[in-house]
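One structure below.
The values are calculated or read from the model by the stated rules, or taken from the named source; none is laboratory data. In this text the structure is predicted, and so the values were computed from the model without any measurement. All Cβ positions, glycine included, derive from the backbone under ideal geometry; neighbour counts span all protein chains shown. Surface accessibility is based on the protein's heavy atoms, side chains included, excluding ligands, DNA and RNA. Shrake-Rupley method; radii C 1.70, N 1.55, O 1.52, S 1.80 Å.
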Amino acid sequence: MKTCDLHTHSNFSDGSLSPRELVALAKQQGLRALALTDHNTTKGLAEFTAAADEAGLQAVPGCEFSTQHHEQELHILGLFMPAQSYVEIEDYVELMHIAKHRSNEKLLARLNEGGYALNYDEIAALTDADEFNRAHVARMLVMKGYATDTDDAFSRFLRKSCGYYTPAKKLGSLATIRFIKANGGVAVWAHPFFNVDEAWARTFLPEAVEAGLDGMEVLYSTYTPEQTASAKALADHFGILYSGGSDFHGAAKPKISLGTGLGNLEIPYSYYEKLKEKRQ
């Protein structure tokens, strides 16, 4: 079966591979289509699309937007974003980058006060992104011996309940869906069951579909079979398309493999084809 992966990250956000290296791995894995969806940036897309063209791989230029709806964090993917929209995207997320910078400064100040000596510039050097995120802080906590692995770092230091981290203000979810559609992209709700349940999803989806939501991830690395079945039923009920992605980050999430996730993932190429038809 021809397969694809419609949710991945490079070193332009919190992944460890360059866009070109990501394409090479996808080709090696036998994928037929690949999306690069770095967090709140388009900076790696030119390299990504050029490498994919050279490799004969179907490229899906994208962006994963960090949003919130009624105080609930949700991630919305803009897929098939045209090159002329990249400047618009960077302008759209600029204020959020400023808020993220302030959030990072507060996080490190609180960790330093707690006796954990972390340096802003050292962490910033781990990524080519405009701003580092908690995944990079987790890597530094491990490198400095304060945590055994990144999961340990998140559970002890980096969740909101730990007292060190205060989330930055995010973009509105519905406004972001409208923005993606207005700029010629395809709007997909990423990993719905990552942080909400089915009941919450049922309250959000009517508004999201009205705003222009095209699809949702029904196949995802950490979904149980029950969650996959539930996601497909929701997509069918609300008349939106299936999508799927590993959320591959490379060394930042070493258990997640490109295209296959935890070994349980096989995303049909038809998902790519049907979503592509939705482009404006």
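The rows are residues; the columns are (1) touching a Leu at 6+ places or on another chain (Cβ under 9 Å); (2) over 30 Å from L107 (Cα atoms).
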{"site": "T166", "(1), (2)": "yes, no"}
{"site": "L171", "(1), (2)": "yes, no"}
{"site": "I177", "(1), (2)": "yes, no"}
{"site": "A182", "(1), (2)": "no, yes"}
{"site": "W200", "(1), (2)": "no, no"}
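Within segment 256-280, the set of residues being touching a residue at least 40 places away in the same chain (Cβ under 8 Å), farther than 16 Å from M216 by Cβ, assigned to a loop (DSSP other than H, G, I, E, B) and open to solvent by 50 Å² or more (accessible area, probe 1.4 Å) comprises T260, L262, N264, E266, R279, Q280. Candidates in segment 229-255 are the residues that are part of a helix (DSSP H, G or I) and touching a Gly at 6+ places or on another chain (Cβ under 9 Å); of these, the one that is most open to solvent (accessible area, probe 1.4 Å) is A251.
Within segment 1-10, the residues that satisfy the criterion of being open to solvent by 10 Å² or more (accessible area, probe 1.4 Å) and at pLDDT 95 or above are K2, T3.
The condition (being at pLDDT below 95, out of contact with any Phe, Trp or Tyr (no Cβ under 9 Å at 6 or more places or on another chain), of a type in the set (A, V, I, L, M, F, W, C) and surrounded by fewer than 22 Cβ atoms within 10 Å (Cβ to Cβ)) is satisfied by just one residue among A182, A168, A175: A168.
If you filter segment 150-164 down to residues that are crowded, with 16+ Cβ neighbours inside 10 Å and over 15 Å from N195 (Cβ atoms), you find that the one that is nearest to the chain's Cα centre (by Cα) is T150.
The set of residues in segment 195-206 that are open to solvent by 30 Å² or more (accessible area, probe 1.4 Å) and touching a residue at least 60 places away in the same chain (Cβ under 8 Å) comprises N195, W200. Highlighted here are the strands (runs of 3 or more DSSP E) found entirely within segment 51-139 that include at least 1 residues which are touching a His at 6+ places or on another chain (Cβ under 9 Å) and open to solvent by 20 Å² or more (accessible area, probe 1.4 Å): 72-79.
Scanning segment 114-149 for residues that are over 20 Å from the mean Cα position of the chain (by Cα), of a type in the set (D, E) and more than 28 Å from Q72 (Cβ to Cβ) gives D121, E122. Can you find, within segment 259-280, the residue that is modelled with the highest pLDDT among those that are more than 17 Å from the chain's Cα centre (by Cα) and among the polar types (S, T, N, Q)? Step by step, filter segment 259-280, then rank; the result is S270.
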